[in-house]
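*Asks:* Please find one structure pasted underneath; my questions will follow.
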Amino acid sequence: LDKEWSYMKDFEVFGKEEIIYGKSDVIASDENCLFAPAVLCFVEKNVELPEEFRKLKARLCAAGNRVFDGMRNWVKNTAEGLWSAPASLASFRLICALGNRSDYSLEVCDLDGAYLQSSLPTKSNYYLEVKINELPTHLQEKARKQGVSRPCLRIHRSLYGLMESGHVWAEHASEKLV
């Protein structure tokens, strides 16, 4: 989990300063704010290998299906348009089949913190609600020093779990690659 927070700090997911906000302060100052609860996801990688090669991976995600506004109203569509995943599994299968049929070699890569590399639109007002004991130690101390019991962090980058993150990342990747 410390590695995940480190990635997020490197990519400035919560801005350069990592400002801790109290939820009530955000609601009072930003009428368009949206809150997504933080969800910790744990996955065991390399499960097909012997146990000594396996590792546990932690990911901090936003529960994008539980986004609420400042009045605790559930927000069903957090975007002005429709969002979709960067590519469907059917598209991926088609590319593999066509490549195989034409005897092309196909390569796949994985990017560290892929979504974290793309910025959310500046008009987005997302805040991640994090339980104080799930924050890294330096942010726990910051929250306690400020007297914040319900800490929130403003999200500046695409975060796994937000509805539009896949679309925003695909636009970012397309811009960089094309």
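The values are calculated or read from the model by the stated rules, or taken from the named source; none is laboratory data. These numbers were taken from a predicted model, which means no experiment stands behind them. Methodologically, a virtual Cβ is constructed for each residue, glycine included, from the backbone with ideal geometry; neighbour enumeration extends over all protein chains shown. In case anyone asks, the SASA skips ligands and DNA or RNA and just uses the protein heavy atoms, side chains included. Shrake-Rupley method; radii C 1.70, N 1.55, O 1.52, S 1.80 Å.
*Asks:* Stretched out fully, how many nm does the piece from residue 9 to residue 74 gain, at 0.36 nm a residue minus the Cα gap?
*Replies:* Full-extension gain reported as 20.5 nm.
*Asks:* Helix-only estimate, please: 222 nm mean residue ellipticity of the chain, summing -39500 (n - 2.57) across DSSP H runs of length 4 or more and dividing by its residues, to the nearest 500.
*Replies:* When only DSSP H runs of four or more count, the value is -8500 deg cm²/dmol.
*Asks:* Name the residue farthest towards the positive end of the dipole of the chain from the options 8, 34, 121, assuming +1 on Cβ of Lys and Arg, -1 on Cβ of Asp and Glu, about the Cα centre.
*Replies:* 34
*Asks:* Consider the candidate values (1) 30, 28, 14; (2) 45, 24, 16; (3) 33, 21, 14; state which one is semi-axes √(5λ) of the Cα gyration tensor in Å computed from the structure displayed.
*Replies:* Correct label, based on the coordinates given: (3).
*Asks:* I've got another one for you. Work out, step by step, the length gained on full extension between residue 133 and residue 109: first 0.36 nm times the residue separation, then minus their alpha carbon distance; give nm to one decimal.
*Replies:* Working: separation 24, 0.36 × 24 = 8.64 nm, distance 3.42 nm.
Working it through step by step, the gained length comes to 5.2 nm.
*Asks:* With +1 assigned to the C-beta of every Lys and Arg and -1 to the C-beta of every Asp and Glu, and no other charges, what is the dipole magnitude of the chain about the Cα centre in debye, to the nearest 20?
*Replies:* About 440 debye.
*Asks:* What FRET efficiency comes out for the pair residue 176/residue 91, r = Cβ-Cβ distance, R0 = 22 Å, nearest 0.05?
*Replies:* 0.65
*Asks:* Give me the distance in nm between label points sitting 7 Å out from Cα along the Cα-to-Cβ direction at residue 52 and residue 140, one decimal.
*Replies:* Here the answer is 3.4 nm between the modelled labels.
*Asks:* Moving on to the next point. Students often get this wrong, so check it: of 3/45; 23/145; 9/142; 23/142; 16/142; 16/45, which have C-alpha atoms separated by over 19 Å? Intermediate results must be reported in sequence, preceding the final value.
*Replies:* Working: 3/45 15 Å; 23/145 16 Å; 9/142 15 Å; 23/142 15 Å; 16/142 15 Å; 16/45 31 Å.
Listed pairs above 19 Å: 16/45.
*Asks:* Counting DSSP beta bridges with both partners in the chain, what percentage is antiparallel, nearest 5?
*Replies:* 80
*Asks:* Please compute the contact order of the chain in relative form: average sequence separation of alpha-carbon pairs under 8 Å and at least six residues apart, divided by the residue count, as a percent.
*Replies:* 33
*Asks:* Which value, in Å², gives the accessible area per residue of the chain when a 1.4 Å probe is used on the protein heavy atoms?
*Replies:* Each residue of the chain exposes 66 Å² on average to a 1.4 Å probe.
*Asks:* Give me the percent of the accessible area of region 1-128 that comes from carbon and sulfur atoms, probe 1.4 Å, all protein chains in place.
*Replies:* 53
*Asks:* If you take the charge dipole of the chain about its Cα centre, with +1 on Lys and Arg Cβ and -1 on Asp and Glu Cβ, which of 88, 153, 106 is farthest toward its positive end?
*Replies:* 153
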